[in-house]
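Have a look at the structure below before the remarks.
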Amino acid sequence: MAQKTLDLKLAKIKADHDCGEFIIADAKDADMAFGIAAPGKSPEHHSSEGNFRSLQEYRECIRQVVRQGVVDIMLMSAHTNSILTIEEELFANSPITPAARANDTTDIHVVRDGVYSAQPSQPFQTTTIDHIQCGHLDCDLEERTAGANLGLYSVTFNNDLERDRLTLEAYKSFRIEAERKGFRHFLEVFDPNTAESAMDPQQLGGFVNDMIVRMLAGVPESGRPVFLKMAYHGPKFTEELAHYDPSLVIGVLGGSAGTTHDAFQLIADARKYGARAALFGRKINNAEHQLAFIEMLRRIVTDEVSPLEAVHAYHGVLAALDIPPRRSIEDDLQLTDQAMQYGESATSVTVPAAGKSQSRAGSAVASTTSQPAGHNGRPDLANMTSAERLAYHRRRLQGHGGN
């Protein structure tokens, strides 16, 4: 079995929080939340046809991302995990770690004409640890390695004593069972989900941070989550949590799709202020070319490109592959996500003048050594022509299929 990059990175981060490692997860567990719309819009549809991918197409997207080998974790529903991990053994020789959503609180039940997501969150768990580990109830010891051995457990606190107590009790029961069965988990902490529990954004990060550290103070190492997944509340609260307990590996969730610049700036800012993981679901799934989008995320966290450079490069790839972008480059360079207004990057964006006409894949032959260089010695993608940007990135993306 291939060595998993998640395990290697977690060990390095635990030993040295500033080691430079960063964990990226693709969250393809939306079928436990969004119903028919979960797989996302089909890239090819007509007004008289269905607008969404099928579940089979959704799983094919997962296979492509796993074959690409750039993310560290693939998060799936228990059903998809049983098919891809257990039946197909998709991850047997992959550096990517399979994971499954271990619970589905009522606030993620987002269905057409439903009102559940607006009501106070209640604990709920469709699947079981055994179903995730071996695909059926009552796994034998040797069967527990057949499926995923990592799960996402989510909690939502609404500043309501009785409801939050039930949430904590349910998490305690899960932790006890997980420890007995050798099952690892990462912990998702959602912001309050009701209008009654809404807080000033300047206070929300403090409430969530305090609930996290208070909740985990009574949990020894054997039962603690391997990392966190939470909304990005800006530099102040990310730094606060990282400083309080450097052993906590902070991960940020992607949230709604937004612009490409929103996504790229989010991962850059979160990393800058102390996060060491990012879990993007809709941001990846709604991308015109999922593999190119993921590639740019990785190059941002390895300091090879800036968020702005990555937006330009991503649009260059779309042009080369004749994939129509959902937004113009001018619109896609905007920051629209409120979370980004916390950071230093909340500034107006100046869009460079349009370069030469964009070329098709394979037509660019310029070498990277002849391309414009930035102040740090890296290629200056923002000032390259489309052909130059394509030449720089095509080797890394060559052979990756479209989604």
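Just so it is clear, none of the values below were taken in a lab; they were calculated from the coordinates. Nothing here was measured: the structure is a model prediction, and the numbers come from that model. Note that each Cβ is placed from the backbone with ideal geometry, even for glycine, and that neighbours are counted across all protein chains shown.
Annotations for the structure displayed:
- Here Glu89 passes the criteria (1) farther than 18 Å from Glu295 by Cα; (2) surrounded by fewer than 15 Cβ atoms within 10 Å (Cβ to Cβ); (3) of a type outside the set (Ser, Thr, Tyr); (4) within 18 Å of the chain's Cα centre (by Cα) except the one numbered (4).
- Subset of region 242-268 [of a type outside the set (A, V, I, L, M), buried (at least 21 other Cβ atoms within 10 Å of the Cβ) and under 11 Å from the mean Cα position of the chain (by Cα)]: Gly251, Gly254
- Tallying residues that are closer than 21 Å to Ala102 by Cβ and part of a helix (DSSP H, G or I) within region 8-34 yields 4.
- Scan of region 51-66 for residues that are touching a helix residue (DSSP H, G or I) at 6+ places or on another chain (Cβ under 9 Å) and either part of a helix (DSSP H, G or I) or under 16 Å from Thr97 (Cα atoms) (or both), ordered by number: Leu55, Tyr58, Arg59, Cys61, Ile62, Arg63, Gln64, Val65, Val66
- Thr105 vs. criteria out of contact with any strand residue (DSSP E or B) (no Cβ under 7 Å at 6 or more places or on another chain), over 20 Å from Asn285 (Cα atoms) and of a type in the set (S, T, N, Q): no
- For region 273-296, filtered to residues that are in contact (Cβ under 8 Å) with a residue 60 or more places away in the chain and among the basic types (Lys, Arg), the residue that is farthest from Ile23 (Cα to Cα) is Arg282.
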